[in-house]
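The values are calculated or read from the model by the stated rules, or taken from the named source; none is laboratory data. Computed from a predicted structure; not experimentally measured. Positions of Cβ are generated from backbone atoms using ideal geometry, with glycine treated the same way; all protein chains shown enter the neighbour counts.
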Ligand code: ADP
């Protein structure tokens with residue numbers, strides 16, 4: 001099996017989100033964590049999603065890593081390239097969406113591509129080329145204050161064009177998208193005839209994303225949030241090129257489960273509180289005690305082993321407590337300490353035979369997977385939108401549920417346990 005679709009995602013949880021979408025829509029999907037080396041074998045899958053950390057990296061690094069990842073996929077036979085970015089189009093005037101897209105266009109010899117961060121299920125819609133976050137235009141939403149990529153213009157063409165060196169960015173608007181794939185293709189042809197190579201696409205519903213997916217059949221290069229992942233697999237299915245059946249199944253993975261949380265988002269705080277309130281074993285990890293050495297990863301692991309049911313170790317704290325901790329220890333030091341401790345617990349658990357890990361936090365997931373040496377993950381059933389169960393490709397696979405801060409219902413930890421492979 002060679003990959004048909006090769007995707008390059010600009011961050012870890014975004015990659016998981018897209019992989020989840022593709023697997024649900026019928027493609028056997030593998031996640032590759034980090035930039036692959038040219039000689040690494042490409043996993044057997046219908047879609048491979050490379051998870052980079054390029055969203056806010058220096059432009060040249062983002063371009064180089066993205067191009068290297070695509071070359072690796074193309075060499076294995078991938079036919080269509082998908083550049084995946086955030087549903088809020090996180091970028092600056094310099095990049096990285098425009099420069100990466102331009103470089104991948106060159107690589108794939110594409111004469112035209114689309115831009116569509118829409119994710120209606122999460123309230124991200126595009127109308128007349130303007131991105132909305134629920135009822136607010138992007139530049140009036142909390143994203144206007146993002147510390148690294150403040151989004152101060154909801155007009156995506158106007159935001160993107162400077163990133164493309166001033167290139168014209170066209171619009172495939174609501175009437176065409178509403179009319180379906182043929183109308184979208186006609187509009188693409190009209191733009192191309194005028195020499196336009198880039199177009200933002202309106203999308204207000206999953207139906208619009210499905211139509212766009214259909215219209216993108218055979219295009220060498222597309223860019224989008226995860227939403228387009230809903231529509232593209234159908235093209236390969238209709239051409240009879242997918243194995244078919246249920247694509248998001250994992251092998252059965254028996255054994256103990258460990259839960260680790262290093263996310264301090266509002267959603268994770270509520271999820272940890274709910275788990276604790278349900279009387280489930282919960283250990284609150286205090287970074288200050290860790291810094292003083294009065295509590296260690298080994299102490300936490302001993303406590304975990306003494307529990308009779310799956311137990312959660314959480315550094316999760318509400319914002320005011322986090323600020324207190326950061327003031328005492330320094331922001332980076334506190335984060336490093338928490339990540340190192342949760343990673344050490346994961347290693348002790350793995351060495352003791354634990355085979356299932358539920359991890360909350362994007363950075364935390366990155367730290368834990370890298371400590372466990374995880375590089376490739378087969379994508380399984382969905383726990384919550386954007387969060388699938390995954391499994392390593394080893395002979396004795398480990399199952400992982402990796403949740404970014406804001407994802408999941410309040411019952412997320414119990415939901416993950418219930419759906420474990
Ligand atoms: P999210 O996905 O919610 O953003 P991340 O894991 O990406 O979660 O980021 C949370 C960061 O905060 C991590 O680097 C983690 O180590 C750090 N952290 C976790 N708990 C605390 C705490 N109590 N005080 C300070 N920093 C913390």
Q. All but one of (1) within 22 Å of the chain's Cα centre (by Cα); (2) surrounded by fewer than 24 Cβ atoms within 10 Å (Cβ to Cβ) hold for residue 274; which doesn't?
A. (1)
Q: Answer yes or no as to whether residue 377 is away from the ligand (no atom under 16 Å from the Cβ) and crowded, with 24+ Cβ neighbours inside 10 Å.
A: yes
Q.
Kindly evaluate residue 341 against the criterion of being within 13 Å of the ligand (Cβ to nearest atom), in contact with a strand residue (DSSP E or B) (Cβ under 8 Å, 6 or more places away or on another chain) and farther than 13 Å from residue 263 by Cβ.
A. no
Q. If a residue has to be surrounded by fewer than 22 Cβ atoms within 10 Å (Cβ to Cβ) and touching a helix residue (DSSP H, G or I) at 6+ places or on another chain (Cβ under 8 Å) to count, how many in the stretch 38-51 make the cut?
A. 3
Q. How do the strands (runs of 3 or more DSSP E) wholly within the stretch 1-114 filter down when requiring 1 or more residues that are at pLDDT 95 or above and more than 15 Å from the chain's Cα centre (by Cα): which remain?
A. 5-9, 80-84
Q: Only one of these is farther than 30 Å from residue 44 by Cβ and out of contact with any helix residue (DSSP H, G or I) (no Cβ under 8 Å at 6 or more places or on another chain): 118, 135. Name it.
A: 135
Q.
One residue is enough: does the stretch 320-342 have a residue meeting the conditions under 30 Å from the mean Cα position of the chain (by Cα) and within 20 Å of residue 416 (Cβ to Cβ)?
A. yes
(Q) Cβ-Cβ under 6 Å, sequence separation 6+ or interchain: first residue in the stretch 259-270 and more than 14 Å from residue 297 (Cα to Cα), partner assigned to a helix (DSSP H, G or I) and near the ligand (Cβ under 8 Å from one of its atoms). Which pairs? (A) 264/322
Q: Just name the residue that is surrounded by the fewest Cβ atoms within 10 Å (Cβ to Cβ) out of those in the stretch 357-367 that are within 13 Å of the ligand (Cβ to nearest atom) and closer than 21 Å to residue 415 by Cα.
A: 362
Q. How do the pairs read when you match residues in the stretch 131-145 that are under 18 Å from residue 225 (Cβ atoms) with residues anywhere that are part of a helix (DSSP H, G or I) and modelled with pLDDT of 95 or more, using Cβ under 8 Å and keeping only pairs 6 or more apart or on different chains?
A. 131/138; 131/156; 132/138
Q) Of all the residues that make up the stretch 225-248, how many are more than 19 Å from the chain's Cα centre (by Cα) and more than 18 Å from residue 205 (Cβ to Cβ)? A) 12
Q: Being within 27 Å of the chain's Cα centre (by Cα) and surrounded by fewer than 16 Cβ atoms within 10 Å (Cβ to Cβ) is the filter here, so list the residues in the stretch 184-205 that pass it.
A: 205
Q) Just one of the numbered conditions (1) touching a strand residue (DSSP E or B) at 6+ places or on another chain (Cβ under 7 Å); (2) at pLDDT 95 or above is not true of residue 153; which one? A) (1)
Q) residue 263 versus (1) within 30 Å of the chain's Cα centre (by Cα); (2) not in a loop (DSSP other than H, G, I, E, B): which is the lone unmet condition? A) (2)
Q: Would you mind telling me which numbered condition in (1) at pLDDT 95 or above; (2) part of a helix (DSSP H, G or I) residue 389 fails?
A: (2)
Q: Go over the candidates 353, 255 one by one and state the one that is at pLDDT below 95, within 23 Å of residue 398 (Cα to Cα), away from the ligand (no atom under 11 Å from the Cβ) and more than 22 Å from the chain's Cα centre (by Cα).
A: 255
**Q.** Checking residue 14 against (1) surrounded by 24 or more Cβ atoms within 10 Å (Cβ to Cβ); (2) out of contact with any helix residue (DSSP H, G or I) (no Cβ under 8 Å at 6 or more places or on another chain); (3) more than 24 Å from residue 367 (Cβ to Cβ), the condition it does not meet
**A.** (3)
